[in-house]
Amino acid sequence: MKTWLDLPDEHPFGPQTLPYGVFSVGQDSPRRVGVRVGDHVIDVAAVAALGGDPGDGPHLAAAWATPSLNAFLALGREKWAIAREWLTEIVTNDVHREAMLPHVYPLAEVTLHLPIEVADYVDFYASEDHASNVGQIFRPDNAALPPNWKHLPIGYHGRAGTVVVSGTDVVRPTGQRKAPGDPAPTFGPSIRLDIEAELGYVVGDATEIGTRVGVDAAADHIFGVVILNDWSARDIQAWEYVPLGPFLGKSFATSISAWVTPLEALSHARVAVPGQQAPPVLPYLQGDAFGLDVHVEVRINTTVVSRPEHSAMYWSPAQMLAHLTVNGASLRNGDLYGSGTISGPTRESRGSLLELTWNATEPLTLDDGSTRGFLEDGDTVTMTAWAPGPDGARIGLGEVTGTIVPAR
Ligand code: CA
């Protein structure tokens with residue numbers, strides 16, 4: 001597909017991608033929904049208001065002229081598909097060029113904001129390699145995987161209000177810690193601040209309490225995907241997590257990419273989920289449990305430290321959503337759930353420093369010769385990702401980045 005924006009064929013934000021975000025221009029302009037093409041952002045509410053769309057212009061223009069994607073998420077899968085078809089037409093057909101040009105902004109001239117008003121935030125634990133690595137490090141005297149791990153996608157409720165957009169600084173968290181050999185807990189800034197490379201799945205088309213979403217219906221509610229960094233204070237986490245799971249070691253910040261890639265853009269990235277039938281899962285977790293072939297790269301400052309592969313995840317996003325709702329818990333527009341750290345079997349595919357440095361016993365050496373067990377103040381962590389698209393094209397998922405600033 002060609003666009004009148006004149007991009008090279010290999011551009012990861014060509015018309016095959018069309019991710020949604022929220023942007024503003026200058027100091028006083030309102031936040032509204034934008035769609036990225038190449039290195040430009042289209043003010044889609046303004047373009048939809050011009051007319052010439054397939055009859056949904058008023059709906060779409062109203063939903064897009066708001067400071068988050070939530071109103072658009074509420075419209076549901078059928079409208080998402082109509083919108084995407086129309087956007088594809090306006091960016092690929094030259095006849096729209098003149099009318100659209102006043103509503104196209106260079107990426108460098110806009111400010112990107114948190115794309116969704118996060119309703120509920122849940123984080124899963126879907127990588128077998130990650131779960132067994134963490135088990136060996138945190139619980140060396142027990143089996144690497146807990147007994148329930150292959151029967152249900154384990155998750156915990158996180159803090160929706162501290163999900164931040166890419167580029168937001170992360171203040172080093174402070175809290176309690178107690179190493180096994182310490183006589184008593186101590187208090188202070190975390191000394192084991194870590195990352196977790198994940199994908200986040202963005203939910204739309206809310207459901208009613210008391211109803212379930214089955215595996216086969218999950219794709220009707222998964223609007224799209226973001227790159228997610230689940231910042232983690234391992235010292236705080238290790239002391240607090242028994243028996244109710246992660247709490248303050250995680251809730252200080254979770255960063256997501258500014259662009260939400262529609263699930264529809266990832267149709268060429270669908271893959272089978274490895275290993276889900278051994279042992280067989282209960283019927284409510286069976287069905288079209290597709291995985292996603294998304295390639296992630298993690299950098300600390302200028303050094304690439306890991307290349308996790310999302311296709312290796314044991315549990316699929318559809319199974320996670322089926323499990324999340326199996327008790328009748330409702331979905332809200334703007335719900336976000338994380339995959340859990342994406343780790344593979346090799347060192348270079350591990351998605352956290354906890355695993356990459358084996359709890360700081362095998363430090364990483366960065367390009368500048370310095371070493372890291374965990375993050376230092378001033379470190380910038382950047383995660384990028386892409387997926388295969390049609391005809392050899394790439395689907396860019398953008399990046400999520402954040403810099404550690406000293407504890408306050
Ligand atoms: Ca996590």
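Provide the per residue accessible area, probe 1.4 Å, for the range 75-119, rounded to a whole number of square angstrom. Before the final figure, lay out each step's value.
Details: 2320 Å² over 45 residues.
Roughly 52 Å² per residue, with all protein chains present.
Skipping prolines and chain starts, which residues have an amide H placed within reach, meaning under 5 Å, of the one on L199, given they are 5 or more residues away or on another chain?
HN-HN under 5 Å from L199: L228, S339, G340.
Compute the normalised compactness of the chain: alpha-carbon radius of gyration over 2.2 N^0.38 Å, N being the residue count. Could the numbers behind the result be given before it?
On the way: Rg = 21.2 Å, N = 408, 2.2 N^0.38 = 21.6 Å.
Against the compact-globule rule of thumb, the ratio is 0.98.
Along the positive direction of the dipole of the chain (beta-carbon charges: Lys, Arg +1; Asp, Glu -1; about the Cα centre), which of V104, Y125, M313 reaches farthest?
Result: Y125, furthest along the dipole toward the positive end.
Cross-link partners among lysines for K178, C-alpha distance below 18 Å, same-chain residues fewer than 8 apart left out?
List returned: K250.
Give the calculated FRET efficiency between T346 and T380 to the nearest 0.05, with a Förster radius of 22 Å applied to their Cβ-Cβ distance.
Details: r = 25 Å, r/R0 = 1.12.
According to the calculation, E is roughly 0.35.
What is the distance in Å between the Cα centroid of the range 155-218 and that of the range 72-110?
Spelled out, the Cα-based centre of one part sits 33 Å from the other.
Can you give the accessible area per residue of the range 152-274, in Å², using a 1.4 Å probe?
Working: 5000 Å² over 123 residues.
Accessible area per residue, the range 152-274: 41 Å².
Under 10 Å, Cα contacts only: if you run a Gaussian network model on the chain, which one of G135, G26, G14 comes out with the highest mean-square fluctuation?
Top of the fluctuation ranking is G26.
What is the list of residues in the range 277-295 whose amide nitrogen lies under 15 Å from a point 7 angstrom out from the Cα of L145, following Cα to Cβ?
Answer for this model: 277-282.
If packing is taken as the average number of other Cβ atoms within 10 Å across a peptide's residues, how do 283-291, 254-262 rank, most packed first?
Result, highest mean Cβ count within 10 Å first: 254-262, 283-291.
Treating only the Cβ of Lys, Arg, Asp and Glu as charged (+1, +1, -1, -1), what charge dipole size does the range 82-190 show about its Cα centre? Round to the nearest 20 debye.
On the way: 8 positive and 13 negative charges, 125 e Å.
Approximately 600 debye in magnitude.
Under a 1.4 Å probe, what is the accessible area of the range 358-408 per residue, stated in Å²?
On the way: 2350 Å² over 51 residues.
For the range 358-408, the per-residue accessible area is 46 Å².
At 0.36 nm per residue, and after removing the present C-alpha to C-alpha distance, how many nm does the segment from E362 to A184 gain when stretched out fully? If you can, show how the numbers build up before the last one.
Details: separation 178, 0.36 × 178 = 64.08 nm, distance 2.69 nm.
That pair, E362 and A184, stretches by 61.4 nm at full extension.
Calculate for the chain the 222 nm mean residue ellipticity that helices alone would give, adding -39,500 (n - 2.57) per DSSP H run of length 4 or more and normalising by residue count, nearest 500 deg cm²/dmol.
Numbers: 9 runs with 71 residues, N = 408.
That comes out to -4500 deg cm²/dmol.
Efficiency by 1/(1 + (r/R0)^6): what FRET value for F247 and E109, r their Cβ-Cβ distance, R0 = 45 Å, to the nearest 0.05? Before the final figure, lay out the partial values.
On the way: r = 40 Å, r/R0 = 0.90.
The formula returns an efficiency of 0.65 here.
Answer with one residue from V47, Q27, W149: the one whose Cα lies farthest towards the positive end of the charge dipole of the chain, charges on Cβ with Lys, Arg +1 and Asp, Glu -1.
With unit charges placed on the Cβ atoms, the residue in question is W149.
Among A289, G398, H323, which residue has its Cα furthest toward the positive end of the charge dipole of the range 261-408, with +1 on Lys/Arg Cβ and -1 on Asp/Glu Cβ?
H323
Tell me, what % of the accessible area of the chain is carbon and sulfur with a 1.4 angstrom probe? Before the final figure, lay out each step's value.
Details: 8900 of 16650 Å².
Roughly 53 percent, rounded to a whole number.
With the Cα gyration tensor of the range 55-202 in hand, give its eigenvalues times 5 under a square root as the equivalent ellipsoid semi-axes, listed largest first in whole angstrom. Write out the running numbers ahead of the final one.
On the way: eigenvalues 392, 87, 40 Å².
Over the Cα atoms of the range 55-202, the ellipsoid semi-axes are 44, 21, 14 Å.
Pick from D367, D169, D43: which is most flexible by mean-square fluctuation in a GNM of the chain where alpha carbon atoms under 10 Å apart are linked?
Among D367, D169, D43, the largest GNM mean-square fluctuation belongs to D367.
May I ask for the Kirkwood hydrodynamic radius of the range 280-393, worked out over all distinct Cα pairs and given in angstroms to one decimal? Please list the in-between numbers first.
Details: mean 1/r = 0.0606 Å⁻¹.
That comes to 16.5 Å for the range 280-393.
Out of P67, P185, P30, any idea which swings most in a Gaussian network model of the chain, alpha carbons joined below 10 Å?
It is P185.
Identify all lysines with a Cα-Cα distance to K79 below 28 Å; exclude those on the same chain that are fewer than 8 residues away in sequence.
Correct list for K79: K2.
Taking the Cα-to-Cβ direction at K2 and at S29 and moving 7 Å from each Cα, how far apart do the two end points lie in nm?
Between K2 and S29, the label points sit 2.9 nm apart.
The values are calculated or read from the model by the stated rules, or taken from the named source; none is laboratory data. Everything numeric in this text was worked out from a predicted model, so none of it was measured. So basically every Cβ, Gly included, is an ideal-geometry build from the backbone, and we count neighbours across all protein chains shown. In case anyone asks, the SASA skips ligands and DNA or RNA and just uses the protein heavy atoms, side chains included. Shrake-Rupley method; radii C 1.70, N 1.55, O 1.52, S 1.80 Å.
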